[in-house]
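Only one structure is covered here, and it is reproduced in the block below.
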Amino acid sequence: MRDLMPGLISLPSQLDIKAAAPLAAELLALRGKDLTLDASAVEQLGGQCIQVLLSAAATWAADGAELAVREPSAAFLEAAETAGLATSDFCTRNN
Amino acid sequence: MDTMAAIKQTFFQECEEQLAELESGLLTIEREEGDAETINAVFRAVHSIKGGAGAFGLDELVRFAHTFETTLDGMRSGKVETAPQIVRLMLRAADTLADLVRVSRDGGTVDAARVSQIGDELAQAGGAQPAPAAPVFEPIAMSGDQQTDDFGFAPVMISFDDLVGGTQADGGQNGFAISFKPKPELYAKANDAIRLLRELRRMGEAKIRCDFSEIPLLSELDPEGAYLSWHVRLSTSGGDAAVREVFEFVEFDCDLSIEAQGLGGTDASLAVEALLVEAGIKESAPAPAEIPALAPVPRQTSATPPQLAAVAPPTASQGAPAQGAQQPSATIRVDLDRVDRLIDLVGELVINQSMLAQRVMEAGIARLSDVAVGLDDLEHLTREIQDSVMAIRAQPVRPIFQRMSRVVREVADMTGKSVRLITDGENCEVDKTVIERLADPLTHMIRNAVDHGLEKPDDRVKAGKPEQGVVRMTAAHRSGRVVIEVADDGAGINRARVRDIAVRKELIDADAQLSDAEIDDLIFAPGFSTASTISDVSGRGVGMDVVRRSIQALGGRITISSRPGQGTTFTLSLPLTLAVLDGMVVTVAGQTLVVPLTAIVETLQPKAADIHSLGEKARVVAIRGSFIPLIDIGSELGYRDSEADPLQSVAVLVETENQSQSALLVDGIIGQQQVVIKSLETNYGQVFGVAAATILGDGRVAVILDIDAVVAGTGRDHANRKRNAA
Amino acid sequence: MSKVILTVDDSRTIREMLKAALMDAGMQVIQAEDGVHGLEMLESSSTPDVIITDINMPRMDGFGFIEAVRGNGKYRAIPILVLTTESVDDKKERARRAGASGWIVKPFDPAKLVSAINRVAA
């Protein structure tokens, strides 16, 4: 995960079980600020990282901050769709 | 050779190794030197044979191995004790397993009654209840033909029950409602809910709804916990079993319910929805968090079960699979032909090198010149290469030694004797061919040792010996040869009886004066058999004469020594390789001959006073008080008509297998040399007195003398023994 | 990208059969002869997508090997399939407890083998 610019981080390519805890910690550290997740590099997205991302969306919504996903990769979209989710489920809905 | 045939060959090779492992493990247990790992190794050996046999549909082998394994498992877990009779039973079971392996490989039949009897005994030893029947596996149809499809497309028999009416004839679809809630363990075992859902989508049309209501805020979240659950409506041509198979690995790591809906038809709600969409009444956009799979796998158009559709065919874009293969093994398997070709080439190199050395010498180049020194180095290197190449063919004698313990058991069983086989030097390495050809002679010697060598238990006790006899088999390297000894602690050779038999069979004259060694040596005489009846054991119609001949054919020697009341020892001395030989190069009537160094005792210049004539042609030479027959090689082999003048000749004193000595008359000695053996027989058939040929440094072909044949052929071998014309 | 499979089995026959079936399905194969060797291969080769391991092996058996892989932060996400000779439930249960992702019953059918791999590493 790299900070591309304030409020924008890039998700790593492998979001498997090993990635869940570091991802949760990284997001938690950014809590309270508007955040965009660049999902263009994601090659694998597993159930537990989906949980982290969904939890983040709920947390940001509760905090009244904005969380968005941009440029989701094909793998990201396919995994979300397989999980019965849409990209919008990973974002705060403020409209 | 196609892939499966090659693997099958590997399997049988491995079986041999496992059988050896099995036997040596059991013997260790028998000696009460085993530990838990010994039992494990024994179990693994049988288990491994069973596993491979299953893959090749060798049912009988699988069944027996399974029974065996079950009992061994009992031993492993301590339910079956390692009592001596149990271990003996297991050793017999190991022999039976070896028989079954051999029959599976070479064809033929096994004694079915014996197999089932040992099987029953094993089952009994394994516990009160009979061993459960081993599952009989169907052989796997693996296509070895490179032109046909890969394994993924091998037709697989699938029961129609799996398809639950979903045949293509009625185009039937099965509907399922699946609820699925993973537990953290599911993820911890590297399974993933997403992959399982993906599998469901591959089966047909899946509507997946995710329930994420239980997900806590990030601060409360256990990243490796499990909070999501899914509800899937699946329409598939596959049956209940196919759906359950998706969750086969995770059924204990999740809450799962699978319910069939609307068997044999399309799910009603899906159909209605489709109609509504078609009529433009309902938007085709999916409801939030409930989207139909966008790219369902097209419905099956063949009887291929749906789960197979998931198998991606290998395509060119996936790259050549062979590139990915890695072999961690530190050994390689090489075709023997290739090794032999290398040995041949190195043989040529040796010859070439010595020819070159000779030319250089002939050219009068100084011994210490750079050229000569360089040549010396070359010679060293050549020898080293030769040794290294020979080492490739060298193998430890262990497998053969291990085979002998079975022979001992069988003969002991049949003769009612109690025997312990002690082996030593199993790691001694000998040429592969030598090892292969040693099996029969050694088997015979071991049989003899137990059957004739050892006394019956009662007699042993009477003689003040322990009831159990000991046969000791050892191998060791001694001055460039391997020496194998087979010794028993029995009664020793009954010389009076041997003599009687030899006289009765007209092998010797009744009044012949023989030393103890000469009497002992009679058991190698053709047609001699010490057993008064041809027993089941030593039978087979061969005697020690055949043993001696097969050992000689290997360039070896066999000798016997016996001490009354203490036992008999057979000593085999064998060359390490069949490809080179240390010889003495001699000249006879302009011919160059090679005398194997192992046969030579000494060389000497005969003096007129020592030469004595016996009868018409025979001459002897007196050496240190004994009279040794003189053999004129030149006339024996037909190189010249006239007799050689002993005073102008050199006498090479040689000793034959039966330790009788003769003096070969040759014109001169050129020197000692290691020569590369070239078989003459393949080209010319057997020639009298000639064992093989070689090419010398000067490029000339020289024959290697077969000392025993030459000596026997002259009839002077044994003054007191009648010639056996055959 | 073709999958990389690490096979751990002390039987040369089974190793060769696995290799033939997997390579025919376009996968790459790394071989190890027991658990200890398997761990060495993990360190020295490219990380496999799936591990297939036997249970009965010298030096380190399948259970020990699975536990070692699951206990290693670097490799714990690799799915592991266990080879069992029959569908013996207690073996499967022990393998599951040790952390196996799934199992393959020997003698395996190549198609089933590949489908099991796809199920744990699609």
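The table for this structure:
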item: P(r) tail fraction, region B:397-575 - alpha-carbon pairs more than 20 Å apart, %; result: 52
item: Full-extension gain in nm, B:Gln513 to B:Ile422, via 0.36 nm per residue minus C-alpha separation; result: 29.1 nm
item: Rounded D (µm²/s) - chain C, Kirkwood Rh over Cα pairs, Stokes-Einstein at 20 °C, 1.002 mPa s; result: 155
item: Rounded, prolate or oblate (a/c below 1.5 giving rounded, otherwise prolate when a/b exceeds b/c) for region B:553-682 by Cα gyration tensor; result: oblate
item: Square roots of five times the Cα gyration tensor eigenvalues for chain A, Å; result: 18, 15, 13
item: Lys, Arg +1 and Asp, Glu -1 on Cβ, resulting dipole of region B:608-669 about Cα centre, debye, nearest 20; result: 160
item: Per-peptide average of other Cβ atoms within 10 Å, ordering A:46-58, B:90-102 highest first; result: A:46-58, B:90-102
item: Dipole of region B:3-126, positive direction: furthest Cα of B:Gly52, B:Ala125, B:Thr38, with charges on the beta-carbon; result: B:Gly52
item: Whole-number percent relative contact order across region C:8-105, with pairs defined as alpha carbons under 8 Å at least 6 apart; result: 24
item: Where only alpha carbons of region B:629-680 are counted, the Rg and the Dmax (Å); result: 12.8, 34
item: Simple Cβ-charge dipole of chain C, Lys/Arg +1 and Asp/Glu -1, about Cα centre, in debye nearest 20; result: 360
item: Set of lysines near B:Lys432 by C-alpha distance (under 28 Å), chain-local residues within fewer than 8 positions excluded; result: B:Lys8, B:Lys678
item: Backbone HN-Hα couplings from phi across region B:662-668 [Karplus 6.51/-1.76/1.60, Hz, Gly and Pro as x]; result: 9, 10, 8, 8, 10, 6, x
item: Of A:Lys18/C:Lys112; B:Lys417/B:Lys505; C:Lys3/C:Lys74; B:Lys79/C:Lys91; B:Lys181/C:Lys92; B:Lys50/C:Lys106, pairs whose Cα-Cα distance is over 20 Å; result: A:Lys18/C:Lys112; B:Lys417/B:Lys505; B:Lys181/C:Lys92
item: Phi-based couplings in Hz for region B:440-445 (Karplus 6.51, -1.76, 1.60; Gly and Pro marked x); result: 5, x, 5, 4, 5, 5
item: Residue list for region B:485-525, given a label point 7 angstrom along the Cα-to-Cβ vector of B:Gln566 and an amide N cut-off under 15 Å; result: B:487-493, B:517
item: Cα centre as origin, Lys/Arg/Asp/Glu Cβ charges: region B:336-394 dipole, Debye; result: 60
item: Region C:43-122: chymotrypsin sites (Phe, Trp or Tyr not before Pro) in DSSP coil with no more than 14 other Cβ atoms inside 10 Å; result: none
item: Relative counts (whole %) of C-alpha pair distances in region B:336-394, using bins that are 10 Å wide; result: 23, 43, 23, 11, 1
item: Estimated FRET transfer efficiency when R0 is 51 angstrom, pair B:Arg359-B:Ser613 (beta carbons, to 0.05); result: 0.70
item: For B:208-220, mean number of other protein chain Cβ atoms within 10 Å; result: 6
item: Mean-position separation - Cα centroids, region B:440-457 and region A:41-90, in angstrom; result: 80
item: R0 of 41 Å, Cβ-Cβ distance B:Glu259-B:Gln117: FRET efficiency to nearest 0.05; result: 0.20
item: Peptides B:234-247, B:448-461 ordered by average Cβ neighbours within 10 Å, highest first; result: B:234-247, B:448-461
item: Note, ³J(HN,Hα) from phi for region B:603-610, Karplus 6.51, -1.76, 1.60, rounded to Hz, x at Gly and Pro; result: 10, 8, 9, x, 9, 3, 5, 8
item: Region A:33-95: relative contact order as a whole-number percent, Cα under 8 Å and 6+ apart; result: 45
item: Average beta-carbon neighbours from other chains, 10 Å sphere, peptide C:53-66; result: 2
item: Value of relative contact order over region B:336-394, rounded to a whole percent, pairs C-alpha under 8 Å and six or more apart; result: 53
item: Number of partner chain Cβ atoms within 10 Å, mean per residue of A:41-54; result: 6
item: Segment B:Glu17-B:Ser626, extension gain: residue separation times 0.36 nm, minus the distance between their alpha carbons; result: 214.0 nm
item: In chain A, the trypsin sites (Lys or Arg not before Pro) that fall in loop regions by DSSP, at most 13 other Cβ within 10 Å; result: A:Lys33, A:Arg93
item: Alpha carbon centroid spacing (whole Å) that separates region B:576-598 from region B:18-72; result: 49
item: More than 15 angstrom apart: percent of Cα pairs within region B:387-475; result: 61
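Coordinate-derived values only; no laboratory data. Being a predicted model, the structure only gives us computed values, none of them experimental. In this analysis, Cβ positions are derived from the backbone assuming ideal geometry, glycine residues included, and neighbour counts consider all displayed protein chains.
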